[in-house]
1. Any residue in the stretch 121-140 that's within 18 Å of TYR215 (Cα to Cα): show its pairings with residues that are of a type in the set (S, T, N, Q) and outside any helix (DSSP H, G or I) at Cβ separation under 9 Å, as long as the two are six or more apart or on different chains.
2. Would you mind stating whether GLY281 is at pLDDT below 95 and more than 30 Å from ASP196 (Cβ to Cβ)?
3. Can you tell me how many residues in the stretch 299-321 are more than 30 Å from the chain's Cα centre (by Cα), buried (at least 20 other Cβ atoms within 10 Å of the Cβ) and outside any strand (DSSP E or B)?
4. How many residues are more than 36 Å from the chain's Cα centre (by Cα) and closer than 24 Å to ILE87 by Cα when one looks only at the stretch 29-63?
5. Among the residues of the stretch 270-281, are any closer than 23 Å to ARG243 by Cβ and loosely packed, with under 13 Cβ neighbours inside 10 Å?
6. Taking the condition of a type in the set (Asp, Glu) and in contact with a Pro (Cβ under 8 Å, 6 or more places away or on another chain), does GLU204 pass?
7. Which numbered condition trips up LEU272, out of (1) in contact with a strand residue (DSSP E or B) (Cβ under 6 Å, 6 or more places away or on another chain); (2) over 30 Å from PHE126 (Cβ atoms); (3) hydrophobic (A, V, I, L, M, F, W, C)?
8. For residues in the stretch 297-335 being in contact with an Asp or Glu (Cβ under 7 Å, 6 or more places away or on another chain) and under 17 Å from GLY264 (Cα atoms), which is modelled with the highest pLDDT?
Amino acid sequence: MSFSHLMYALVLAAIAVAGTLLGVTAVTLVLRVRRQKWPRAWRGWARLRRPFALALCSVLVFVIAQSALPKGDWEDAVRHVTLMLAIAGVVWLAATILLYALAASEERLLERYSVDRDRRRAQTRFRLTRRLITVGFVIVGIGLVLLTFPAVNVLGAGVLASAGVLGVVFGIAAQSSLGNVFAGIQLAFSDAIRLDDLVVVEDESGRIEDITLTYVVVRIWDERRLILPSAYFITTPFTNSTRTGTELNGTVTFELDWRADIDGMRSRLDELLHNTPLWDGRSKSLQVTESIGDRLTVRIVASAGDSGDLFDLQCLIRETLVRWLREHNPEGLPVQRILRTDNSDVSAGEGATAHPDADKSV
């Protein structure tokens, strides 16, 4: 490449940059003047400025190269490069515009939802839709760039002719990956799980932290992350405690003596629940669910607005009633009974039985 060619290219580049600066400045001034009437467009311009500048500059360079450069091998290579840059810039701008429009729609939609479940469902769908759009534009951009090469165009006819065979081959080779992709799309629109749902998977309890096209991230209570393929949630049963709402019921179980004051425990439970903001007021109960041997099983059920409040409420109930039993009803605490017999009586005799007073608590 000669010095004159280099200077010519620099002049063309300078013209394209000047045109880009002029176009960006003009759009900025118009939107600034009209920002009171077009507030969303003014806010969106902050995200669109860079892709708009790149797209405009690349298109200007391509147009100038096509019209001003003479014929020649070097010039043809420059035109090809400018065409690829123009395709990349336009695809990036189109993707950014669509993603911004999607984000604005999500913002408006979330403002209408007052129920947390509906908001999380919308956020899940919008997040996966954004990823689908991004992947789609990347594939389209790469395809358009590849089609600018003559060899790829020639190859395209053969590929289309054998599309059936290639489809079978790639389908078998990528069965697992494609299955996860389709499962991720199905999860987004089937409403089986949403962001921040409380689930139990693989004997672990946690919250859905992220949903992608191929995998789901579950945040375990101890801050570990469980990574599961999207197909897992389509093919394997799991527990979703917040599928229809965030409200939950929890249980607290006591093993007590038969002398436990059940009515007193129930009164103390009512007093506790009415004085704590952790209880959401939906449900409460205290019942003796079993009476086996020398034990009574007392089960308490109480409700809370979410899993965090429920865990705190369960701990509060347990601590408060243990303290109440120790201070006001110690005879209700579990004890172990031992039946002692006199060995000499047993060896001597006939029909020896333990005296009722021999039943002692220790």
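1. Listed pairs, sorted by first residue: ARG127/THR212; LEU128/THR212; ARG131/THR212.
2. Numbers: at pLDDT below 95: yes; more than 30 Å from ASP196 (Cβ to Cβ): no.
Criteria not met by GLY281.
3. Residues meeting the conditions: 2.
4. Residues flagged as more than 36 Å from the chain's Cα centre (by Cα) and closer than 24 Å to ILE87 by Cα within the stretch 29-63 amount to 8.
5. Applying the first criterion (closer than 23 Å to ARG243 by Cβ) to the stretch 270-281 yields 278-281.
Still in the running and loosely packed, with under 13 Cβ neighbours inside 10 Å: 281.
Within the stretch 270-281, one or more residues are closer than 23 Å to ARG243 by Cβ and loosely packed, with under 13 Cβ neighbours inside 10 Å.
6. The answer is no for GLU204.
7. That leaves (1) as the condition not met.
8. Looking only at the stretch 297-335, we keep the residues that are in contact with an Asp or Glu (Cβ under 7 Å, 6 or more places away or on another chain), and these are 297, 303-305, 329, 331-335.
Retained after the next criterion (residues that are under 17 Å from GLY264 (Cα atoms)): 297, 329, 331-334.
Numbers: THR297: 95, ASN329: 92, GLU331: 92, GLY332: 90, LEU333: 90, PRO334: 87.
Looking at the filtered set, the residue picked out is THR297.
The values are calculated or read from the model by the stated rules, or taken from the named source; none is laboratory data. Please read these numbers as outputs of a predicted model, since none were measured by experiment. Please note: Cβ atoms are built from the backbone with ideal geometry, for glycine as well, and neighbour counts cover all protein chains shown.
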